[in-house]
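Heads up, the thing below is written out as structure tokens.
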Amino acid sequence: MDALVPVQSAGHRLPLRLISPSLYRCIGSVSIKRSFSGFPMDTRISSRAPSQFTIRAQQESLGVASSSPSLENELRIKEWEVDMYQNEVAVSQGIRIRRKPPSKAPLGYTGPFDLRLQGADSPSNILEEITWYKDQEVSKMKELNSLEALKKAVENAPPTRDFVGALRMAHQRTGFPGLIAEVKKASPSRGILKENFDPVEIAQAYERGGAACLSVLTDQKYFKGGFENLEAIRSAGVKCPLLCKEFVVDPWQIYYARTKGADAVLLIAAILTDLEITYLLKLCKKLGLATLVEVHDEREMGRVLGVEGIELVGINNRSLETFKVDISNTKKLLEGEHGRQIREKDMIVVGESGLFTPDDIAYVQAAGVKAVLVGESIVKQNDPEKGIAGLFGKNISHT
């Protein structure tokens, strides 16, 4: 999975590293070589093409001047072409979400993407819009917090709690799916859910109400969340393991979540290739983090079942295209061969979206769900603790 982009100019070869499948391309004096090399590789890899900031940093570290216009343009061309190859891989796996806005080829480019149509300039749905914004946001955050600094911070971070074990124990204790209660102020589809929003107070109420784990939204722009909420809940002494609910597009976010108190992270199959999911799973395991891999349809479920090491699969009942919710999606994805493989691997399936009543919980449980992730129906309640009891039709707290 070590991807090298050696750029030769003025007697120097600049090794740039990327995630991608086995591909090789050579045009003119600039060559791209990408190959799979195994784990560990977190110190040598980025989940997206390097930014110009990254390229310049690598040039400076190797003592190469960056003032040459021809070299700068060759680097821009190579960066653009690598993005295009990554898009090709994603499309081949049925991924409809484009990771970045389409862009025209840099001046001077000649190659296989000369005549390729790139689609609309605007996002096709809300997930694509969020993904485009997240790529820019993470680039800025990385300039403020280097990966090396985060790795040092991880060494001093408190140990993670057993997210998967907590869900299994809750299921055994209550006979219901283990609850991942979501600390969420707003959503793109519903707007503000709770005006008087105190993340720590809500988290503590969830814990008293019997939640096995908590999900904490860390996206600020679209969900009015933040990593400070995750950090505050962990610092307040809440014992429930914490899921960092973020739109992960870069390994840097995994390290950052770990430093802020996360015990688990969300990976969304709709925006990550199989290779990226595989790598991020290994990185999370190395850092002691659980992973919840989210799917929306049968093709994504099939992809995820082909990736080794997944313990938690979330089925989101919300359509990416229409934003409509249909909880029968959970039942559909757990029927037939997919359901058989999940049972064979002893995976925990998490039902997500559209769960408001005891009947909804009973429906997805009958379909094979052993955990549920619920936000809106309980966070909007004046008393979230009572909201949990109402959701399950009985008190599921420890008392």
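The values are calculated or read from the model by the stated rules, or taken from the named source; none is laboratory data. This one's a predicted model, so the numbers in the text were calculated from it and none came from an experiment. Ideal geometry is used to build each Cβ from the backbone, glycine not excepted, and the neighbour counts take in all protein chains shown. With ligands, DNA and RNA removed, areas are computed over all heavy atoms of the protein, side chains included. Shrake-Rupley method; radii C 1.70, N 1.55, O 1.52, S 1.80 Å.
Quick look at the values:
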item: Selection within the range 204-235 - assigned to a helix (DSSP H, G or I), touching a strand residue (DSSP E or B) at 6+ places or on another chain (Cβ under 8 Å) and farther than 20 Å from Ala186 by Cβ; result: Glu207, Gly209, Arg234
item: Checking Ser122 against (1) crowded, with 16+ Cβ neighbours inside 10 Å; (2) modelled with pLDDT of 80 or more; (3) more than 21 Å from the chain's Cα centre (by Cα); (4) part of a loop (DSSP other than H, G, I, E, B), the condition it does not meet; result: (1)
item: Residue in the range 364-374 that is open to solvent by 40 Å² or more (accessible area, probe 1.4 Å), part of a loop (DSSP other than H, G, I, E, B), among the charged types (D, E, K, R) and touching a Gly at 6+ places or on another chain (Cβ under 9 Å) present; result: yes
item: Leading residue by the ranking (nearest to Asn382 (Cα to Cα)) among those in the range 186-200 that are of a type in the set (Gly, Ala, Ser) and in contact (Cβ under 8 Å) with a residue 24 or more places away in the chain; result: Ala186
item: Residue pairs meeting the criteria (Cβ under 6 Å; at least 6 apart or on separate chains; first free of Cβ contacts under 8 Å to residues at least 60 places away in the same chain, in the range 228-254; second surrounded by fewer than 20 Cβ atoms within 10 Å (Cβ to Cβ) and outside any strand (DSSP E or B)); result: Ala232/Val200; Ile233/Val200; Ala236/Val200
item: Pair list, Cβ < 7 Å and 6+ apart or interchain, from the range 76-100 residues that are on the phi > 0 side of the Ramachandran plot to residues that are surrounded by fewer than 19 Cβ atoms within 10 Å (Cβ to Cβ); result: Gly94/Arg299
item: Any hit, the range 357-369, residues being acidic (Asp, Glu) and within 26 Å of Gly225 (Cα to Cα); result: no
item: Hey, Asn382 surrounded by fewer than 16 Cβ atoms within 10 Å (Cβ to Cβ), under 22 Å from Cys240 (Cβ atoms), touching a residue at least 24 places away in the same chain (Cβ under 8 Å) and more than 21 Å from the chain's Cα centre (by Cα) or not; result: no
item: Of all residues in the range 167-192 being assigned to a strand (DSSP E or B), more than 16 Å from Ala264 (Cβ to Cβ) and small (Gly, Ala, Ser), the one that is modelled with the highest pLDDT; result: Ala186
item: Enumeration of residues in the range 305-362 that are touching a helix residue (DSSP H, G or I) at 6+ places or on another chain (Cβ under 6 Å), open to solvent by less than 20 Å² (accessible area, probe 1.4 Å) and either among the small types (Gly, Ala, Ser) or more than 30 Å from Arg190 (Cβ to Cβ) (or both); result: Leu305, Val307, Gly351
item: Tally of residues being open to solvent by less than 40 Å² (accessible area, probe 1.4 Å) and among the polar types (S, T, N, Q) across the range 228-247; result: 1
item: Candidates Ala170, Ala157, Ala203 - the one that is touching a helix residue (DSSP H, G or I) at 6+ places or on another chain (Cβ under 6 Å), in contact (Cβ under 8 Å) with a residue 24 or more places away in the chain and crowded, with 19+ Cβ neighbours inside 10 Å; result: Ala203
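Table: residues versus (1) modelled with pLDDT of 55 or more; (2) open to solvent by less than 20 Å² (accessible area, probe 1.4 Å); (3) not in a loop (DSSP other than H, G, I, E, B).
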site	(1), (2), (3)
Arg56	no, no, yes
Tyr85	yes, no, yes
Arg96	yes, no, no
Lys100	yes, no, no
Glu128	yes, yes, yes
Val138	yes, yes, yes
